[in-house]
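Chemist: The structure that follows is given in the form of structure tokens.
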Amino acid sequence: MANVSAYRFVGPTTAIAVTTTSSTSVTITPNGNDQPNFCGFLNVGTTPIAITIASAVAGTTTTAPAAVLPTAGNSSQSFVLGVSMSQPTVLAVPPSFAITAVGTANTLYVMPMVDQN
């Protein structure tokens with residue numbers, strides 16, 4: 001099976017309530033000795049969600065800047081997730097990070113993971 005990646009979860013799944021105002025910054029920290037380098041993001045709502053990620057240093061307080069949905073003619077530093085996702089989008093992330101999210105009345109699930117290969 002060429003070009004197949006297997007992921008192993010290395011931390012608890014975090015649920016973030018997403019509204020039209022950027023969420024409070026949430027720090028995602030894995031469990032165990034594995035250094036995660038990926039994270040799954042799952043938007044189960046029917047509208048897009050924008051997320052902003054900031055690296056966190058162990059033992060310090062880090063907050064991510066406010067997430068912003070880009071609009072026509074305006075850009076944003078946030079990553080936009082699609083709607084009604086049946087499987088997570090997996091992104092490369094720092095080992096520990098802070099995240100904010102914005103959208104409308106959605107739930108975002110964040111799952112730290114490592115490449116099993």
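Chemist: Are any of the residues in the stretch 58-68 surrounded by 15 or more Cβ atoms within 10 Å (Cβ to Cβ), under 12 Å from V93 (Cα atoms) and at pLDDT 90 or above?
Modeler: No, that holds for no residue.
Chemist: Tell me whether the stretch 56-68 contains one or more residues that are in contact with a strand residue (DSSP E or B) (Cβ under 6 Å, 6 or more places away or on another chain), part of a strand (DSSP E or B) and over 13 Å from V18 (Cα atoms).
Modeler: Within the stretch 56-68, not a single residue is in contact with a strand residue (DSSP E or B) (Cβ under 6 Å, 6 or more places away or on another chain), part of a strand (DSSP E or B) and over 13 Å from V18 (Cα atoms).
Chemist: Shifting gears a bit: Does M85 satisfy the condition of being in contact (Cβ under 8 Å) with a residue 40 or more places away in the chain and touching a Lys or Arg at 6+ places or on another chain (Cβ under 9 Å)?
Modeler: Values: in contact (Cβ under 8 Å) with a residue 40 or more places away in the chain: yes; touching a Lys or Arg at 6+ places or on another chain (Cβ under 9 Å): no.
Judged against the criteria, M85 is not a match.
Chemist: For A72, are the conditions met, namely being without any contact (Cβ under 8 Å) to a residue 12 or more places away in the chain and either exposed (fewer than 13 other Cβ atoms within 10 Å of the Cβ) or within 16 Å of F97 (Cβ to Cβ) (or both)?
Modeler: Details: without any contact (Cβ under 8 Å) to a residue 12 or more places away in the chain: yes; either exposed (fewer than 13 other Cβ atoms within 10 Å of the Cβ) or within 16 Å of F97 (Cβ to Cβ) (or both): yes.
Considered against the rule, which asks whether it is without any contact (Cβ under 8 Å) to a residue 12 or more places away in the chain and either exposed (fewer than 13 other Cβ atoms within 10 Å of the Cβ) or within 16 Å of F97 (Cβ to Cβ) (or both), A72 comes out as yes.
Chemist: Taking the options Q116, Q77, Q87, name whichever one is among the polar types (S, T, N, Q), under 18 Å from A15 (Cα atoms), out of contact with any Asp or Glu (no Cβ under 6 Å at 6 or more places or on another chain) and loosely packed, with under 15 Cβ neighbours inside 10 Å.
Modeler: On the way: Q116 fails: under 18 Å from A15 (Cα atoms); Q77 fails: under 18 Å from A15 (Cα atoms).
Criteria check complete, one pass: Q87.
Chemist: Something else: What single numbered condition from (1) exposed (fewer than 15 other Cβ atoms within 10 Å of the Cβ); (2) part of a strand (DSSP E or B) fails to hold for I99?
Modeler: Among (1) exposed (fewer than 15 other Cβ atoms within 10 Å of the Cβ); (2) part of a strand (DSSP E or B), the lone unmet condition for I99 is (1).
The values are calculated or read from the model by the stated rules, or taken from the named source; none is laboratory data. Since the structure is predicted, the reported quantities are computational estimates derived from the model, not experimental observations. No Cβ is skipped: glycine too gets one built from the backbone with ideal geometry, and neighbour counts run over all protein chains shown.
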